[in-house]
1. State which residue is farthest from the ligand (Cβ to nearest atom) when the search covers only the stretch 179-199 and only residues that are touching a residue at least 40 places away in the same chain (Cβ under 8 Å) and within 22 Å of the chain's Cα centre (by Cα).
2. List every residue pair whose Cβ atoms sit under 7 Å apart, with the two residues 6 or more apart in sequence or on different chains, where the first one lies in the stretch 61-89 and is touching a residue at least 24 places away in the same chain (Cβ under 8 Å) and the second, anywhere, is more than 12 Å from the ligand (Cβ to nearest atom) and of a type in the set (Asp, Glu).
3. Hey, among Gly177, Gly222, Gly235, which residue is assigned by TED's automatic domain parsing to the domain that holds Ala320 and closer than 29 Å to Arg288 by Cβ?
4. Look through Val151, Val142, Val179 and report the one residue that is more than 30 Å from Val382 (Cα to Cα) and touching a Leu at 6+ places or on another chain (Cβ under 8 Å).
5. Taking the stretch 11-23 as the region of interest, how many residues are surrounded by 19 or more Cβ atoms within 10 Å (Cβ to Cβ) and either in the same structural domain as Val332 (by TED's automatic domain parsing) or at pLDDT 95 or above (or both)?
6. Of all residues being outside any helix (DSSP H, G or I), crowded, with 23+ Cβ neighbours inside 10 Å and not small (Gly, Ala, Ser) in the stretch 311-329, which is nearest to the ligand (Cβ to nearest atom)? Just the residue, please.
7. Evaluate the stretch 332-341: report whether one residue or more is part of a loop (DSSP other than H, G, I, E, B) and β-branched (Val, Ile, Thr).
8. How many residues does the stretch 227-258 contain that are more than 14 Å from the ligand (Cβ to nearest atom) and either surrounded by fewer than 24 Cβ atoms within 10 Å (Cβ to Cβ) or of a type in the set (Phe, Trp, Tyr) (or both)?
Amino acid sequence: MSSTAITNIATLVTNDPSLGDTSPLGKVRDAAVVIDGDRIVWTGESSKAPATDNRVDAGGRAVLPGFVDSHSHLVFAGDRTEEFNARMSGRPYSAGGIRTTVAATRAATDGELEANLTRFLAEALRQGTTTFETKSGYGLTVQDEARALRVAAAHTDEVTYLGAHIVAPEYAEDPAGYVALVTGEMLDACAPHARWIDVFCEKGAFDGDQARAILTAGKAKGLHPRVHANQLSYGPGVQLAVELDAASADHCTHLTDADVDALAQGSTVATLLPGAEFSTRAEWPDARRLLDAGVTVALSTDCNPGSSFTSSVPFCVALAVRDMGMTPDEAVWSATAGGAAALRRTDIGRLTPGARADLTLLDAPSHVHLAYRPGVPLVSGVWRSGVRVV
Ligand SMILES: [Zn+2]
């Protein structure tokens with residue numbers, strides 16, 4: 001293995017408060033990072049950097065940890081352009097939403113699903129995402145859910161079984177029968193390919209009792225819970241997530257004070273997904289309220305063909321700063337260290353010795369430009385596990 005120093009970094013975001021300016025981002029000015037193999041081995045002021053085999057001059061630009069996108073739905077086929085166009089044009093649209101994607105996904109070959117996933121991952125990588133979670137949920141049969149997870153598991157360790165996305169169309173008249181399938185034969189087929197289990201706890205999807213049964217069955221099979229909670233309306237999802245020690249409660253758009261208190265007292269991260277509110281013209285989640293209460297907040301894309309068809313974490317950072325009350329520092333922390341916390345990972349989302357060498361180089365002197373220059377492709381270099389991939 002050979003060592004490489006990235007030097008002449010104007011602003012280095014380490015996410016280690018013991019470094020640099022001692023803020024949560026642990027910002028170091030005029031900094032350097034040393035990579036050896038797939039790990040960070042040294043971080044500090046450029047003038048003190050140790051000798052290395054190779055040197056990369058960052059040219060006075062900013063370096064931050066690779067983004068950790070802890071919530072996406074990337075195993076699918078087809079798109080929903082017409083649905084989006086109708087919604088943005090104020091026209092009614094009666095096709096089946098998620099069901100449209102379920103039909104297209106079931107009809108796709110393995111190769112088509114794989115090609116779609118690969119394309120979205122390349123797109124995300126170019127925008128600085130070095131770790132991503134993704135889910136099943138567009139198969140809704142034993143075979144199609146297991147297939148989606150197999151396809152995902154070839155690309156990431158962060159795979160989530162979401163058989164409980166909606167009740168499968170075949171079970172429209174028998175939701176209890178579908179819950180039995182999701183907690184029985186489908187779980188048995190899917191558990192070997194997944195780390196996490198998720199449920200869409202929402203009116204029209206699964207209620208609190210169903211969600212508890214599904215997540216509890218998953219835990220018994222060794223899967224760890226995360227929950228689509230309180231996206232479209234108030235409901236039991238957030239408090240259920242905390243009760244079951246879910247790693248993350250995702251969306252958190254409609255919260256009571258009791259929900260916020262539960263998140264503040266538990267270890268469940270609140271993952272905010274502003275791409276969904278943007279793409280549906282919905283009310284923004286109140287990040288400020290959560291942060292002020294002491295809740296750990298993550299920011300992710302929710303990339304999916306229906307409600308948030310963006311793979312861009314920088315775009316979500318800009319939305320969070322502009323419309324959700326986050327400072328640029330908070331938003332960048334939430335998209336890196338926050339995402340890692342939502343996946344219960346300590347080896348990513350930070351740039352300190354021992355961490356995986358996942359870095360993003362911006363064509364800007366500061367991470368603040370992610371929000372200050374929205375929509376501009378600022379990511380000019382990406383290292384993943386110590387290898388420069390962009
Ligand atoms: Zn989602």
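The values are calculated or read from the model by the stated rules, or taken from the named source; none is laboratory data. A quick note: this is a predicted structure, and the numbers were derived from the prediction, not measured. Ideal geometry is used to build each Cβ from the backbone, glycine not excepted, and the neighbour counts take in all protein chains shown.
1. So the first thing to find is which residues in the stretch 179-199 are touching a residue at least 40 places away in the same chain (Cβ under 8 Å), and the list is 185-186, 189-190, 193-194, 196, 198.
Pick out the ones that are also within 22 Å of the chain's Cα centre (by Cα) and you get 190, 193-194, 196, 198.
Values: Cys190: 17, His193: 19, Ala194: 15, Trp196: 12, Asp198: 8 Å.
It comes out as His193.
2. Arg61/Asp363; Pro65/Asp358; Gly66/Asp358; Ala77/Glu112
3. Working: Gly177 fails: closer than 29 Å to Arg288 by Cβ; Gly222 fails: closer than 29 Å to Arg288 by Cβ.
The unique qualifying residue is Gly235.
4. On the way: Val151 fails: more than 30 Å from Val382 (Cα to Cα); Val179 fails: touching a Leu at 6+ places or on another chain (Cβ under 8 Å).
Checking each option against the conditions leaves just Val142.
5. Within the stretch 11-23, the subset surrounded by 19 or more Cβ atoms within 10 Å (Cβ to Cβ) is 11-16, 19-20.
In the following step, the residues that additionally are either in the same structural domain as Val332 (by TED's automatic domain parsing) or at pLDDT 95 or above (or both) were identified as 11-16.
Counting residues in the stretch 11-23 that are surrounded by 19 or more Cβ atoms within 10 Å (Cβ to Cβ) and either in the same structural domain as Val332 (by TED's automatic domain parsing) or at pLDDT 95 or above (or both) gives 6.
6. Residue satisfying both the conditions and the ranking: Met324.
7. Restricting attention to the stretch 332-341, the residues satisfying the condition of being part of a loop (DSSP other than H, G, I, E, B) are none.
For the stretch 332-341, residues part of a loop (DSSP other than H, G, I, E, B) and β-branched (Val, Ile, Thr): absent.
8. Going through the stretch 227-258 one residue at a time, the tally reaches 14.
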